[in-house]
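Quick notes on the structure that follows.
The numbers here are math on the coordinates, done by the rules we state, and not lab data. Only a predicted model underlies this, so the values are computations on that prediction, with no experimental measurement involved. Every residue, glycine as well, gets a Cβ built from its backbone with ideal geometry; the counts of neighbours run over all protein chains shown.
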Protein chains: 2
Amino acid sequence: MKKLLLAAAAFSALTSAAVQAPAQNAASQAEKLRDAALKDDVAWDIMEGLTTEIGPRLAGTEAEARARDWAVRKLKSLGFANVHIETYDMPVWVRGEERAEIVSPFPQKLAVTALGNSGATPVEGIAAEVVGFDSLADLEAAADARVRGKIVFVTHSMTRTQDGSQYGYYGAVRRTGPSVASRKGAAAIVIRSIGTDKRRNPHTGVQMWAQGVTPIPAGALSIPDAEQLQRMLKRGKPVTMRLALTPRNIGMRQSGNVIAEVPGTDRNAGIVLIGGHLDSWDLGTGAFDNAAGVAITAAAAKRIMDAGRPRRTIRVVWFGAEEVGGNGSKAYRAAHGNESIVFVSESDFGADRVWRIEPGMAAANAPIVDRVAALLAPLGISRTTLPASAGADLGDWVRAGVAAIDLQQDGTRYFDLHHTPDDTLDKVDPEQLRQNVAAWTAMLSVVANAREPIERRPAAAAAQ
Amino acid sequence: MKKLLLAAAAFSALTSAAVQAPAQNAASQAEKLRDAALKDDVAWDIMEGLTTEIGPRLAGTEAEARARDWAVRKLKSLGFANVHIETYDMPVWVRGEERAEIVSPFPQKLAVTALGNSGATPVEGIAAEVVGFDSLADLEAAADARVRGKIVFVTHSMTRTQDGSQYGYYGAVRRTGPSVASRKGAAAIVIRSIGTDKRRNPHTGVQMWAQGVTPIPAGALSIPDAEQLQRMLKRGKPVTMRLALTPRNIGMRQSGNVIAEVPGTDRNAGIVLIGGHLDSWDLGTGAFDNAAGVAITAAAAKRIMDAGRPRRTIRVVWFGAEEVGGNGSKAYRAAHGNESIVFVSESDFGADRVWRIEPGMAAANAPIVDRVAALLAPLGISRTTLPASAGADLGDWVRAGVAAIDLQQDGTRYFDLHHTPDDTLDKVDPEQLRQNVAAWTAMLSVVANAREPIERRPAAAAAQ
């Protein structure tokens, strides 16, 4: 039956019946691949290996280089084609000593960590009065005289959400707070960690000094410590803190992206580009952020590969240096921006289950999204009207009009772990990880094998 | 009615009716006090103040001395009588630097903390091969040659329980593991933290070197790090660790107990002795362990005091140096062992709700336990046949035959926090704290006012 219909299709213009039957076969194939992926062990194996054998892998350090070598060995052993490293150079900042203590009126240590690109104190630290603000807006509104020479403390009210959407707004305390404080003449700044846990493990994260701003020491207190400091400040007596942060800029170092491919049968159908990032912050072993993403995307791509050559080449990129500014994704786009990349999708939001589809395809490709949505519904995944934006590594492609689908993960506990020492393998739920692989496998099966062309999106829609 | 009956009782041998009516009045009074305590803010106020204004308060340090001064001010301001400090001297051990890292084959840092009385490494640490054991029994059974010159790692299988009963068994890894390792010639020992969480905050805790054993560096890895080390060891290649722990014994220092009283009306009825411990480990602010206990017992005693003088004096002791060996309780018993203490009860298991009564009274006093049980039942507290044992500070009194009732707290999350940096105020649920105060208030109301004599228990029952 199948052969007859295929033969018929080859000899005639595609009739409706002929289109439908291969589509049904493709759907049935995708369903089988999806269900088999619910027993996946490849993603766990990648995560376990990378977090155990490498551990933390800060961009531009020898640990990230070890991670690249590990990645090449792993991806080759999994059978991928064209496995290689593409390097680039970048300035590297590394953590030093980190200590904070209240000197008076209530002497005790606080748990602190430096934010990316933080300036340094002398080894013995600096001591200054703390001036507290309830929000970034309050700091921005403050007279310079209130801030000058002091250690600025900024808290915020980020709460737990499933979509992680509060990170954008409250994350500004980390991203721009240090520059605002420096402009006003602060001696240093410590923020309430951008997170949702109540553990004494501060959240690091990158911040970039605004043009012309002098770097000052910039740290994050753990959330319990930030609350402790607030209780002290509320008592109305001057609070003096000693802060020691001794990070260093160690100059230009090599970083790189690791690339692997599942070769397609049709060179003219364009490339499907997927991935996550290989680098991690230095405090944890980067399990959620983002061993999960590289593991999920590679495991799904391998499942497509093992089922026979797809129509489109699937290219898996494990990006370097996402955490510290996206140097890897910039280098990749600079080198490959002119290639026929027709679809992108990124996994960079932990290891918990996918719960919704955010579509980002041209109107002509609505049937592709429909087919993906139908295949993912049995996994507890529904569709939203929020447009796909990919993540930090592939967002530029989406903004440029390349088609995309985001498989949004449950972020309820993501910001408990994000950029902390607690981002470790033990947090991963193998069943939720497998659901990710199943969702990705089904999506890749549809997208890589779609018979219709994958269109670019109009610039306006892409800019949504 | 009440006055009439009391007058009748004064003129006659106590008739059954006359006993019953005051008992009913007492029960009604205890019920009112219990229900009012469900709105208590005193316990929270004590906890908030002690953990914020003092923070960590390691026995024998200046922080514990500040805590004693704070306690005296607080207890006086609450209206207690006879508030004073009783000091004693003790040897003091203090934490130094703490670093652990895997040198090969998978270089990365591990989160470690020193156990109490740990020996020290040189500042730069020691590097040695790790030899792993799945239990204390496995270490004990190992040939000395397997252990000599190595860093011993011992894991265990402690799990979460409501009654916290696994601490006794699995805690032996901490309490005796270091001495066993030293006897076999180990260079150092690191254990899987004695805890139930999955956070990268190791659990400290005291261990005493067995007679004649040479102190060696002894630390605890956080549970995620212990699991990481297990994964490395499972790969079968030699694992080399560098361990730096630089604690010091700083000689004899002063510690002390803080005492406060609610004076009773009947000096011959004996004293009700209750309390918790004021000292804490140095990593957290000792909220669960044990600001909660001193807060709950004092808040309940204050409620009895404010309702009018009880029959028996209630003595509240906030013990020093519980964590490091019970120096405070030993000093207290040595000084006060001959006084007429007729009942003891201790709160030292966190701030979560009381869920059961463990009775420890003579058969003749069964009606007292019955009255307490009836009053506590509406708070979700039921009776068990497990005998009372008090805790580390008042257990000796129970073993000597003094009557006791334990109000056992829910320990489900206790060993997530115990002896870690995460034992901080934010973990406390004010509603559960209030339920503790209500239970304690009701119990104290019954016990301090009981008209019948409180008997000693036979030695055999007490030794149960």
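Observations
- Rounded to 5, percent antiparallel among DSSP beta bridges of the protein assembly as shown: 55 percent
- Pseudo-label separations to other copies for B:Arg309 - Cα-to-Cβ vector, 7 Å, nm: 10.0
- Each peptide in A:240-248, A:136-144 was scored by the mean count of other Cβ atoms within 10 Å over its residues; highest first, the order is A:240-248, A:136-144.
- Number of partner chain Cβ atoms within 10 Å, mean per residue of B:162-175: 0
- Partner lysines for B:Lys237 [C-alpha distance under 24 Å; skip if fewer than 8 residues away on the same chain]: A:Lys74, A:Lys76, B:Lys109, B:Lys150, B:Lys184
- Cα lying deepest toward the dipole's positive end in the range B:135-201, options B:Ala137, B:Ala181, B:Gly171, charges on Cβ: B:Ala181
- Relative packing of peptides A:223-236, B:346-359, B:93-106 - highest average C-beta neighbours within 10 Å first: B:346-359, A:223-236, B:93-106
- Per-residue shielding of A:284-290, expressed as the average number of other chain Cβ atoms within 10 Å of the residue Cβ, stands at 1.
- Relative contact order for chain A, counting Cα pairs under 8 Å that sit 6 or more residues apart, in percent: 21 percent
- The residue of chain A whose Cβ sits closest to the rotation axis that maps A onto B, together with that distance in whole Å, is A:Arg199, 3.
- Backbone geometry of the range B:134-139 corresponds, through the Karplus equation with coefficients 6.51, -1.76 and 1.60 at θ = phi - 60°, to 3J(HN,Hα) couplings of 7, 6, 4, 4, 5, 5 Hz, x marking Gly and Pro.
- Angle in degrees between helix A:327-336 and the longest Cα principal axis of chain A, rounded to the nearest 10: 30 degrees
- Magnitude of the charge dipole, the protein assembly as shown, Cβ model with Lys/Arg +1 and Asp/Glu -1, debye to 20: 300 debye
- Net length gained if the chain between A:Thr384 and A:Thr161 were fully extended (0.36 nm per residue, minus Cα distance): 78.7 nm
- Report summary: the helix-based calculation at 222 nm, which adds -39500 (n - 2.57) for every DSSP H run with n ≥ 4 and divides by the residues of chain B, gives -10000 deg cm²/dmol.
- Protection proxy ranking for B:303-315, B:179-191, using the average of other Cβ atoms within 10 Å per residue and placing the highest first: B:179-191, B:303-315.
- Euclidean distance of C-alpha centroids, the range B:135-177 and the range B:220-268, integer Å: 15 Å
- Projected label distance in nm at B:Glu140 and A:Lys39, using a 7 Å step from Cα toward the beta-carbon: 4.4 nm
- Whether the range B:266-345 is rounded, prolate or oblate, judged on the alpha carbon gyration tensor where a/c under 1.5 counts as rounded: oblate
- Taking Cα centre as origin and charging only the Cβ of basic (Lys, Arg, +1) and acidic (Asp, Glu, -1) residues, the dipole magnitude of chain A rounds to 420 debye.
- Globularity index of the range B:58-184, i.e. its alpha-carbon radius of gyration over 2.2 N^0.38 Å: 1.48
- Between identical copies, the spacing of B:Met208 label points, each set 7 Å from Cα toward the C-beta atom, reads 6.1 nm from nearest to farthest.
- For the range B:84-191, the dipole from Cβ point charges (+1 on Lys and Arg, -1 on Asp and Glu) about the Cα centre works out to 220 debye, to the nearest 20.
- With an a/c value under 1.5 for the gyration tensor axes a ≥ b ≥ c computed over the alpha-carbon atoms, the range B:290-387 is described as rounded.
- Listed residue (A:Phe288, A:Trp70, A:Gln211) projecting farthest to the positive dipole end of chain A, Cβ model: A:Gln211
- Kirkwood radius and radius of gyration were both taken over the C-alpha atoms of the range B:355-422, and their ratio Rg/Rh is 1.05.
- With respect to chain A, whose longest principal axis is taken over its alpha-carbon atoms, helix A:430-449 is tilted by about 50°.
- Using a Förster distance of 56 Å, the FRET efficiency for A:Met208-B:Arg267 (Cβ separation, nearest 0.05): 0.15
- Cα-only Debye scattering, chain B: base-10 log of I(q)/I(0) at q = 0.11 Å⁻¹: -0.86
- Mean projected area in nm² (Cα convex hull; one quarter of hull surface) for the range B:226-286: 9.5 nm²
- C-alpha long axis of helix B:62-77 to longest principal axis of chain B, angle in °: 20 degrees
- The range B:101-224 - share of DSSP beta bridges that are antiparallel (%, nearest 5): 30 percent
- Averaged over B:418-427, number of beta-carbon atoms from partner chains that fall within 10 Å: 5
- Rg [Å, one decimal], Dmax [Å, integer] - the protein assembly as shown, C-alpha atoms: 32.3, 119
- Label 7 Å beyond Cα on the Cβ vector: B:Thr87 copy-to-copy distances, nm: 6.5
- Cα-based convex hull, the range B:140-180, per residue volume (Å³, whole number): 70 Å³
- Two-decimal Rg/Rh across the range B:312-445, once Rg and the Kirkwood Rh are taken from alpha-carbon atoms: 0.96
- Residue among B:Ala260, B:Ile194, B:Leu221 farthest towards the positive dipole end of the range B:130-267, charges placed on Cβ: B:Leu221
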